[in-house]
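Chemist: The structure under discussion is supplied below as structure tokens; questions concerning it will follow.
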Amino acid sequence: MLRALLLAPPGAGKGTQGELLAAERGVPHLATGDMLRRHVTEGTTIGKQAQAYMEKGELVPDELVNQVVGQAIAGDEPLEGFVLDGFPRTLDQARAAYEYGIANNRTFNAVVSLVVPEPELVRRMLERGARDGRSDDTEETVHRRQMVYDESTKPLLDFYRERDILVEVDGVGSVPEVADRIRAAIDALATTD
Ligand code: AMP
């Protein structure tokens, strides 16, 4: 059962590739950005607390995010498989996820890092902002989000590399090309297990 994490900077295609991978493997696609945006739209307590951080391109505090993900994964019936997109994004979140995984026999078995050069990321995000009207895809916020990724999320690459579950995939190309690379990388990981 696949328990994968897509670990990539904003604009790298996590959402698109996460959905495809999840559908192919028959597991739910859990995107924390989408879940948080839903909370904001519905005006929940979590949404009200998260909104300002999201609009500035800052990370939402760990305890809020852990709560949202906990509801989705551990819920009434703990999920056996999933593709996580956008979580963990800090070392504390990664440690919380690992503790949950160890306690429930559900640690991640693949972490896919999508590698895309920064100018290409910025171009894609501004294009998405113009197309979908996402309020955090503006010129100013886009740069802030890249910086936040470098500072808070990049260190997770080493965390997972040390556990031998990290695969790095070239994220430049068409959607099917990148999906093929991800599939091959995950299969290679499974065979060396
Ligand atoms: P995304 O759709 O993954 O780009 O996420 C959009 C925004 O939601 C981010 O810029 C953060 O403000 C917030 N967010 C999503 N996932 C997390 C997370 N794991 N930790 C903290 N903030 C998050």
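Chemist: Looking at the square roots a ≥ b ≥ c of the eigenvalues of the Cα gyration tensor of the stretch 88-193, which shape do they give, rounded for a/c under 1.5, prolate if a/b is larger than b/c, or oblate?
Modeler: oblate
Chemist: Additional query: Hey, how many Å between the Cα centroid of the stretch 108-158 and the Cα centroid of the stretch 9-72?
Modeler: 14
Chemist: Within the stretch 123-182, list the GluC sites (Glu not before Pro) lying in a DSSP loop whose Cβ has at most 11 other Cβ atoms in a 10 Å radius.
Modeler: Sites meeting the loop and neighbour criteria: Glu162.
Chemist: For a test of the definition: using alpha carbon positions, the gyration tensor, and the 1.5 limit on a/c, classify the stretch 1-84 as rounded, prolate or oblate.
Modeler: Oblate.
Chemist: With a ≥ b ≥ c the root eigenvalues of the C-alpha gyration tensor of the stretch 79-142, is it rounded (a/c under 1.5), prolate (a/b larger than b/c) or oblate?
Modeler: It comes out prolate by the Cα gyration axes.
Chemist: Right, something else. Using the Kirkwood formula over every pair of different C-alpha atoms, what hydrodynamic radius in Å results for the chain?
Modeler: After inverting the pairwise mean of 1/r, the radius is 16.9 Å.
Where a number appears in this text, it was derived from the coordinates with a stated rule and is not lab data. Everything quoted here is computed from the prediction, not taken from an experiment. Glycine gets a Cβ as well: all are built from the backbone with ideal geometry, and neighbour counts include every protein chain shown.
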